[in-house]
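Enquirer: Dumping the structure here so I can ask a few things about it.
The values are calculated or read from the model by the stated rules, or taken from the named source; none is laboratory data. Predicted, not measured: the structure shown is a model, and the values here were computed from it. Counting neighbours? That spans all protein chains shown, and the Cβs are built from the backbone with ideal geometry, glycine included.
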Amino acid sequence: MNRPGFFELLWTYVSRQYPRIINATIQHIQISGTALLLTLVFCIPLGIYITRKEKIAPYVIAAANVFQTIPSLALLGFLIFILGIGNKNAITALFLYAMLPVLQNTYLGIKNVEKSVIQAARGMGMTDMQILFKVEMPLATPVIIGGIRVASVWIIGTAALAAAIGGGGLGQLIFSGLASIRNEVIVAGAVPATLLALFADGGLKALAAYLEPQRRAHRLARKARRVEGVDLSVDTDADPSEREPPDGET
Amino acid sequence: MVDFESVTKQYPDGTLAVDNLNLTIEKGKIVVLIGPSGCGKTTSLKMVNRLEEPTRGVIRMAGQNLLKMNPVDLRRNIGYVIQDTGLMPHLTVTENIATVPNLLRWKKDRVKARVEELLHMAGLDPKLYRYRLPAQMSGGQRQRIGVLRALAAEPEVVLMDEPFGALDPITRDRLQGELKEIQNTLQRTIIFVTHDIDEALKLGDQIVLMRDGRVEQIGSPEDLQQNPANAFVESFIGEDRLAQITPEAGIDALVEDAPLILKASSGPEKALERMERVGRETAQVVGEDGLWKGMVWLNDIKNAERYGKPIASTYRTKRKLSIKDARIREAATLLAASSEPIPVVDADGRLRGIVTDAGFARMTIARLTRGNRRRESA
């Protein structure tokens, strides 16, 4: 007798159970998304706050570091005592787990903005809020997005463990596959989880590239050319620094 | 236009940065504040736009007490140029120049027209430069934009804090000329801080020479050159200050402020972070007692950090100059052996600054171009 091959099993499983896989994927996105949103809403303001309170900054970062060091499964288990089982527990654990990269990158990104730029901004009459939103945040954005990328990959990967404490998501497929020793079920859960993580990472990377000052300047130049019909012969897209004559010759 | 009335600035640690300054700055003039480092010139400047607050005394602008005004509104009405340009690296030239007009909520068309006008005035083709980022321009062009930005909202008073200090001598000379030209048409009240006496003599309608927070002499360039009030002024202004420099002269003229001073109490990590942030390979270390401890190298500190040693283990103390008796010849010999900055200490062991190869080159070039200028004007 002929035992069906792995891909055949996978195909059969997927074609029969695709509503379940899609459901689990949506749940996975919901859990990860909520956790990531919570992390951003909490850690970006906190990261900004501690750049203003240098004295407490090391302690706050150390605290976030502690959560990140605890093995994620242990953290989930520990939180059962406080929050019981289910998605609420999972989201809280993911949030705690992912705090560090966002918090630390926000802090460092803002701290590393050149002091002369801030001094000039203040000297020109920007208020503290304007300095934060028009100078510090835009300049820290690439670093902050870097932190969010790390956090999102961690969250999506670790969210698979939520099923271990009665939560939903793709972890359900992986765990039931493990329990019944059916590789095709494990793969049906693991592949979408991996793809989600890759998409999130790639999407954020593309966002960071889109926001780069150079790209933005090119967009502005192109737009101006379209709107005003400015002389098309001026090649603003080329890197001007390359054909820049030395200062003395201009 | 701007009046300092018995203005004193004392820092919490007791340092008297500015000591009872009385100064009247006339409308439409360039007034240059000059003096050795730590003389209070920059502090005086920053008190005008209230980046520093005086401890005692009153500063008035157009008769109004600055200290009673809202600092944010005040600053939007005063132009400000700093040495490192402070241009926003994420914004285009247009947006940088338009900073203050936008803060003042000018209409879009007006801002646009103003930016074009300013770029034309500085001889920068708007078509070419409008959408450039500061990083895509040369140092001289960046500082031109810095000056344009300060002029954008047509402020009556413009503060310039060593605006050309970081430029090479030839570019500096050109920008000084451009500033004079602009000033001839615009007639703003400019308060200009520098430590370069040639710059002061070239640009100033009035020069305020300061030392240790006090004014030594106020006068026109001619006044200071022809009737120096005391020996200090004479030596500082000394018509042939640079010409007198020989290999056997003292090194005073070469000493510049150390760009990075670390505290002896800071650990290797902190030291590394600061050095990497300002992009320096070396730094000077000063103890709690204010005494110079030694010079440190980035690589040594990296090693110290790796092996958990304190930075004190990496101090280099042999290569140094004494402000009192070192000669220019010695400085040149040391720089020829290694191009790293040389720390300069006084008789008490306090750090006075550093001597660098760049500074040496600047001095030499300045001496040559100054000679030319004098010949031209003669």
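Enquirer: Considering each residue of the stretch B:312-369, count those that are among the basic types (K, R) and in contact with an Asp or Glu (Cβ under 6 Å, 6 or more places away or on another chain), and give that number. Full working, then the answer.
Expert: In the first step, residues of the stretch B:312-369 are kept if they are among the basic types (K, R); the result is B:316, B:318-320, B:324, B:327, B:329, B:350, B:352, B:362, B:367.
Among the residues that remain, those that are also in contact with an Asp or Glu (Cβ under 6 Å, 6 or more places away or on another chain) are: B:327, B:352.
Adding up the residues that qualify gives 2.
Enquirer: Out of A:L139, A:L108, A:L83, A:L96, I need the residue that is without any contact (Cβ under 8 Å) to a residue 40 or more places away in the chain, of a type outside the set (K, R), touching a His at 6+ places or on another chain (Cβ under 9 Å) and surrounded by fewer than 24 Cβ atoms within 10 Å (Cβ to Cβ). Which one? Steps first, please.
Expert: Numbers: A:L108 fails: touching a His at 6+ places or on another chain (Cβ under 9 Å); A:L83 fails: touching a His at 6+ places or on another chain (Cβ under 9 Å); A:L96 fails: touching a His at 6+ places or on another chain (Cβ under 9 Å).
Exactly one residue qualifies, and that residue is A:L139.
Enquirer: Oh, and also: Among the residues of the stretch B:343-378, which ones are within 19 Å of B:A326 (Cβ to Cβ), among the hydroxyl-bearing types (S, T, Y) and either surrounded by fewer than 18 Cβ atoms within 10 Å (Cβ to Cβ) or modelled with pLDDT under 65 (or both)?
Expert: Of the stretch B:343-378, the ones within 19 Å of B:A326 (Cβ to Cβ) are B:343-364.
If we keep only those that are among the hydroxyl-bearing types (S, T, Y) too, we end up with B:356, B:364.
B:T364 - this is the single residue of the stretch B:343-378 that is within 19 Å of B:A326 (Cβ to Cβ), among the hydroxyl-bearing types (S, T, Y) and either surrounded by fewer than 18 Cβ atoms within 10 Å (Cβ to Cβ) or modelled with pLDDT under 65 (or both).
Enquirer: Any residue that is in a helix (DSSP H, G or I), among the polar types (S, T, N, Q), within 14 Å of chain B (Cβ to nearest Cβ) and closer than 24 Å to A:L204 by Cα - is there at least one of those in the stretch A:124-134? Show your work before the answer.
Expert: The initial filter retains those residues of the stretch A:124-134 that are in a helix (DSSP H, G or I), namely A:128-134.
Narrowing further to those that are among the polar types (S, T, N, Q): A:130.
Next cut, within 14 Å of chain B (Cβ to nearest Cβ) only: A:130.
Restricting the remaining residues to those that are closer than 24 Å to A:L204 by Cα gives none.
Checking the stretch A:124-134: not a single residue is in a helix (DSSP H, G or I), among the polar types (S, T, N, Q), within 14 Å of chain B (Cβ to nearest Cβ) and closer than 24 Å to A:L204 by Cα.
Residues are listed down the side, and each one gets a yes or a no for (1) surrounded by 22 or more Cβ atoms within 10 Å (Cβ to Cβ); (2) aliphatic (A, V, I, L, M):
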residue: B:A135; (1), (2): no, yes
residue: B:R149; (1), (2): yes, no
residue: B:A153; (1), (2): yes, yes
residue: B:V157; (1), (2): no, yes
residue: B:M160; (1), (2): yes, yes
residue: B:F164; (1), (2): yes, no
residue: B:I170; (1), (2): no, yes
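Enquirer: Here is a list: B:A258, B:A283, B:A271, B:A253. Which entry is over 20 Å from the mean Cα position of the chain (by Cα) and either surrounded by 14 or more Cβ atoms within 10 Å (Cβ to Cβ) or assigned by TED's automatic domain parsing to the domain that holds B:D84 (or both)? Let's see the steps before the verdict.
Expert: Working: B:A258 fails: over 20 Å from the mean Cα position of the chain (by Cα); B:A283 fails: over 20 Å from the mean Cα position of the chain (by Cα); B:A253 fails: over 20 Å from the mean Cα position of the chain (by Cα).
Going through B:A258, B:A283, B:A271, B:A253 in turn, the sole match is B:A271.
Enquirer: Which condition does A:K205 not pass, out of (1) surrounded by fewer than 19 Cβ atoms within 10 Å (Cβ to Cβ); (2) within 14 Å of chain B (Cβ to nearest Cβ), if it passes all the others?
Expert: Of (1) surrounded by fewer than 19 Cβ atoms within 10 Å (Cβ to Cβ); (2) within 14 Å of chain B (Cβ to nearest Cβ), only one is false for A:K205: (2).
Enquirer: Can you find a residue that is touching a residue at least 24 places away in the same chain (Cβ under 8 Å), within 14 Å of another protein chain (Cβ to nearest Cβ) and more than 21 Å from B:Q225 (Cα to Cα) anywhere in the stretch B:191-203? Step through it out loud before you land on a result.
Expert: Keep residues of the stretch B:191-203 that are touching a residue at least 24 places away in the same chain (Cβ under 8 Å), which gives B:191-203.
In the following step, the residues that additionally are within 14 Å of another protein chain (Cβ to nearest Cβ) were identified as B:191, B:193.
Adding the requirement that they be more than 21 Å from B:Q225 (Cα to Cα) leaves none.
Within the stretch B:191-203, none of the residues are touching a residue at least 24 places away in the same chain (Cβ under 8 Å), within 14 Å of another protein chain (Cβ to nearest Cβ) and more than 21 Å from B:Q225 (Cα to Cα).
Enquirer: In the stretch A:60-74, what count of residues is obtained for those that are buried (at least 16 other Cβ atoms within 10 Å of the Cβ), hydrophobic (A, V, I, L, M, F, W, C), within 17 Å of A:T92 (Cβ to Cβ) and in contact (Cβ under 8 Å) with a residue 40 or more places away in the chain?
Expert: Step one: of the stretch A:60-74, the residues buried (at least 16 other Cβ atoms within 10 Å of the Cβ) are A:60-61, A:64, A:67-68, A:72.
Retained after the next criterion (residues that are hydrophobic (A, V, I, L, M, F, W, C)): A:60-61, A:64, A:67.
Imposing the further condition that a residue be within 17 Å of A:T92 (Cβ to Cβ) reduces the set to A:64, A:67.
Keeping just the survivors that are in contact (Cβ under 8 Å) with a residue 40 or more places away in the chain gives A:64.
Here the count works out to 1.
Enquirer: Right, another one. Output the residues belonging to the stretch B:21-63 that are touching a Ser or Thr at 6+ places or on another chain (Cβ under 7 Å), surrounded by 23 or more Cβ atoms within 10 Å (Cβ to Cβ) and closer than 14 Å to B:S6 by Cβ. Spell out the reasoning first.
Expert: Within the stretch B:21-63, the first condition is being touching a Ser or Thr at 6+ places or on another chain (Cβ under 7 Å), and the residues that meet it are B:21-22, B:25, B:27-29, B:32-34, B:52, B:54-57.
From the residues that got through so far, the ones that are surrounded by 23 or more Cβ atoms within 10 Å (Cβ to Cβ) too are B:21, B:32-34, B:54.
B:L21, B:P54 - these are the residues of the stretch B:21-63 that are touching a Ser or Thr at 6+ places or on another chain (Cβ under 7 Å), surrounded by 23 or more Cβ atoms within 10 Å (Cβ to Cβ) and closer than 14 Å to B:S6 by Cβ.
Enquirer: Follow-up question, since we're still on this one. Can you confirm whether A:A164 is of a type outside the set (V, I, T), closer than 16 Å to A:T194 by Cα, modelled with pLDDT under 95 and assigned to a helix (DSSP H, G or I)? Steps first, answer last, please.
Expert: Values: of a type outside the set (V, I, T): yes; closer than 16 Å to A:T194 by Cα: no; modelled with pLDDT under 95: yes; assigned to a helix (DSSP H, G or I): yes.
When the stated conditions are applied, A:A164 does not pass them.
Enquirer: To continue, here is another question. So for the stretch B:19-31 (the condition being more than 23 Å from B:V233 (Cα to Cα) and either assigned to a strand (DSSP E or B) or not charged (D, E, K, R) (or both)), does at least one residue qualify? Show your work before the answer.
Expert: Step one: list which residues in the stretch B:19-31 are more than 23 Å from B:V233 (Cα to Cα), which gives B:27-28.
Right, trim to either assigned to a strand (DSSP E or B) or not charged (D, E, K, R) (or both) and you get B:28.
Yes, because at least one residue in the stretch B:19-31 is more than 23 Å from B:V233 (Cα to Cα) and either assigned to a strand (DSSP E or B) or not charged (D, E, K, R) (or both).
Enquirer: Looking only at residues that are within 7 Å of another protein chain (Cβ to nearest Cβ) and in a helix (DSSP H, G or I) in the stretch B:74-86, which one is surrounded by the fewest Cβ atoms within 10 Å (Cβ to Cβ)?
Expert: Applying the first criterion (within 7 Å of another protein chain (Cβ to nearest Cβ)) to the stretch B:74-86 yields B:75-76, B:80, B:82, B:84, B:86.
Among the residues that remain, those that are also in a helix (DSSP H, G or I) are: B:75-76.
Numbers: B:R75: 25, B:R76: 20.
Here the residue is B:R76.
Enquirer: Got a sec? Which helices (runs of 4 or more DSSP H) wholly within the stretch B:87-167 have at least 2 residues that are β-branched (V, I, T), closer than 26 Å to B:Q64 by Cα and at the interface with another protein chain (Cβ under 8 Å from one of its Cβ atoms)? Break it down into steps so the answer makes sense when it comes.
Expert: Working: elements: B:93-97, B:99-103, B:108-121, B:126-129, B:139-151.
Result: B:99-103.
Enquirer: Can you report the number of residues in the stretch B:1-20 which are at pLDDT below 90 and surrounded by fewer than 18 Cβ atoms within 10 Å (Cβ to Cβ)?
Expert: 6
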